[in-house]
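Undergrad: I am attaching a structure below and will ask some questions about it afterwards.
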């Protein structure tokens, strides 16, 4: 499966048979968006219109087959277990990952078939800009999850705190490093009101 991404927002993928609502592109074809751009003009404008081709490194095997009932974030996922199944050529890349408690998964929202610039999050009915929420219906359909590592066996990375659907193509895995990634003074914008005075969000799974 190839995923071709244009920086102006187009994304296409060659999926396995039966993948829903996803356009396809041949592995020998470069996806582009809009009219052709001359090299001189592209150079002057930078690389904003240059397509990027991403090759999945593996796939997620999850008990969640549909969005309904899936935790909206991994912190609500509990001890439900899933795993990343890597292509053989990337297995050596898992070396030493089991020394970390958490990992960051980057993946393609393969079941999202629309793109929004403004949307409503699960936590409330108010609209927010797509870059202020974590909706899958975003430009390039790239998702991110922080998961708790359970173990590494062969080409599989087992984890809990699952908020990802079965069959999700994985683009990258990074270790979560508390010294780098934690921000004690972080402020979470509109989400703060859902935790005010010790509250917890009423909605914890997709509907």
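Undergrad: Examine segment 147-163 for a residue that is more than 20 Å from residue 97 (Cα to Cα), in contact (Cβ under 8 Å) with a residue 12 or more places away in the chain, surrounded by 11 or more Cβ atoms within 10 Å (Cβ to Cβ) and touching a helix residue (DSSP H, G or I) at 6+ places or on another chain (Cβ under 9 Å), and state whether such a residue exists.
TA: Checked segment 147-163: at least one residue is more than 20 Å from residue 97 (Cα to Cα), in contact (Cβ under 8 Å) with a residue 12 or more places away in the chain, surrounded by 11 or more Cβ atoms within 10 Å (Cβ to Cβ) and touching a helix residue (DSSP H, G or I) at 6+ places or on another chain (Cβ under 9 Å).
Undergrad: Is it true that residue 86 is buried (at least 16 other Cβ atoms within 10 Å of the Cβ), closer than 27 Å to residue 194 by Cβ and under 19 Å from the mean Cα position of the chain (by Cα)?
TA: Answer is no for this residue.
Undergrad: Okay, next question. Residue 198 fails exactly one of the following numbered conditions: (1) more than 24 Å from residue 54 (Cβ to Cβ); (2) modelled with pLDDT of 95 or more; (3) surrounded by fewer than 16 Cβ atoms within 10 Å (Cβ to Cβ). What is the number of that condition?
TA: That leaves (2) as the condition not met.
Undergrad: Suppose the filter is in the same structural domain as residue 162 (by TED's automatic domain parsing), crowded, with 16+ Cβ neighbours inside 10 Å and either under 13 Å from residue 152 (Cα atoms) or in contact with a strand residue (DSSP E or B) (Cβ under 8 Å, 6 or more places away or on another chain) (or both); does residue 76 pass it? I'd like the intermediate steps shown before the answer.
TA: Details: in the same structural domain as residue 162 (by TED's automatic domain parsing): yes; crowded, with 16+ Cβ neighbours inside 10 Å: yes; either under 13 Å from residue 152 (Cα atoms) or in contact with a strand residue (DSSP E or B) (Cβ under 8 Å, 6 or more places away or on another chain) (or both): yes.
Spelling it out, residue 76 is indeed in the same structural domain as residue 162 (by TED's automatic domain parsing), crowded, with 16+ Cβ neighbours inside 10 Å and either under 13 Å from residue 152 (Cα atoms) or in contact with a strand residue (DSSP E or B) (Cβ under 8 Å, 6 or more places away or on another chain) (or both).
Undergrad: Hand me the list of strands (runs of 3 or more DSSP E) wholly inside segment 92-191 holding 3 or more residues that are modelled with pLDDT of 95 or more, under 21 Å from residue 78 (Cβ atoms) and not assigned by TED's automatic domain parsing to the domain that holds residue 63.
TA: Because the criterion is at least 3 residues that are modelled with pLDDT of 95 or more, under 21 Å from residue 78 (Cβ atoms) and not assigned by TED's automatic domain parsing to the domain that holds residue 63, no strands (runs of 3 or more DSSP E) in segment 92-191 meet it.
Undergrad: Is it the case, given these coordinates, that residue 69 is exposed (fewer than 13 other Cβ atoms within 10 Å of the Cβ), at pLDDT below 90, farther than 23 Å from residue 157 by Cβ and touching a strand residue (DSSP E or B) at 6+ places or on another chain (Cβ under 6 Å)?
TA: Numbers: exposed (fewer than 13 other Cβ atoms within 10 Å of the Cβ): yes; at pLDDT below 90: yes; farther than 23 Å from residue 157 by Cβ: yes; touching a strand residue (DSSP E or B) at 6+ places or on another chain (Cβ under 6 Å): yes.
Here the answer is yes, as residue 69 does meet what is asked.
The values are calculated or read from the model by the stated rules, or taken from the named source; none is laboratory data. Not measured: the values here are computed from a predicted model. Quick reminder, even Gly has a Cβ in these numbers, built from the backbone with ideal geometry, and neighbours come from all protein chains shown.
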